[in-house]
Amino acid sequence: MKQKIWKTIAAFLFIMAGFVFLTAHVPGKAISGQPLYTAYNVWFEKPEKIWSINYKKGAIIPAGTQVRDVEIITTNRRQKAIIFTTVKEKKAFCIFWVKKYHPGKTIQQFKKNLFTTNKFDDLTSGMSENEIAAIKKGEIVKGMNKNAVLVCYGPPPEHATFRQEHNVWTYWTSKFIRMKIYFDDDGRVSGYKLGM
């Protein structure tokens, strides 16, 4: 009787171990096994030191760039960061999480917004040629809808733009210069202003 119980337990553990192995999350892949892409343009001056506020300065990792090896890490200075590598260029990047810029948000939520299973054409589906051209250049132009701005600039930092339903979004082009984007009642860019 005891031998039968032990065989049943062993079989159960073997099956569960196989289940855990088959459903384990692979870094850089969505749970479904699909490839991951950047959901919006990410600016950087140093690939090893990008801030989560996404200053609009330097080179751009374009929206729709395929990435792999996506992980949340804690540095030796106890700072949280997201690391990833672009598939085509095989270039490694590190985005440092600065909680004060994202009140009410976790690094896991930030990561979920940063990456998507959608390619660039899916991200820009239904957008005009002008909106798509502006996104590729990393520029905001009049008439862009809010979704186009999100793909171009990413979500506005939550410490200055509490809700995306508002018609003024604030971004930073550098540590000291902010950019306010104004939307009309139809949710299209009516203008923007740089200031301190």
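Considering each residue of the stretch 173-191, count those that are modelled with pLDDT under 95 and among the aromatic types (Phe, Trp, Tyr), and give that number.
The qualifying residues number 1.
Only one of these conditions is not met by LYS57: (1) of a type in the set (D, E, K, R); (2) in contact (Cβ under 8 Å) with a residue 60 or more places away in the chain; (3) more than 19 Å from VAL149 (Cβ to Cβ). Which number is it?
Just one mismatch for LYS57, condition (3).
Would you mention how many residues in the stretch 95-121 are within 23 Å of GLY33 (Cα to Cα) and touching a residue at least 24 places away in the same chain (Cβ under 8 Å)?
Residues that pass the stated criteria total 13.
For the stretch 123-176, which residues satisfy the criterion of being part of a helix (DSSP H, G or I), free of Cβ contacts under 8 Å to residues at least 40 places away in the same chain and either of a type in the set (Gly, Ala, Ser) or farther than 23 Å from PHE110 by Cβ (or both)?
GLU129, ASN130, GLU131, ILE132, ALA133, ALA134, LYS137, ALA148
Answer yes if at least one residue in the stretch 171-180 is over 20 Å from TRP51 (Cβ atoms) and either out of contact with any Ser or Thr (no Cβ under 9 Å at 6 or more places or on another chain) or surrounded by fewer than 19 Cβ atoms within 10 Å (Cβ to Cβ) (or both), and no otherwise.
no
For the stretch 45-69, give me each residue that is under 20 Å from ALA134 (Cβ atoms) and surrounded by 20 or more Cβ atoms within 10 Å (Cβ to Cβ).
Residues satisfying the conditions are ASN54, LYS56, ILE61, ALA63, GLY64, THR65.
Report, by residue number, each residue of the stretch 56-115 that is in a helix (DSSP H, G or I) and within 22 Å of GLY138 (Cβ to Cβ).
Listed by number, the residues that qualify are TYR101, PHE110, LYS111, ASN113, LEU114.
The values are calculated or read from the model by the stated rules, or taken from the named source; none is laboratory data. For clarity, every value in this text was computed on a predicted model and none was experimentally measured. No Cβ is skipped: glycine too gets one built from the backbone with ideal geometry, and neighbour counts run over all protein chains shown.
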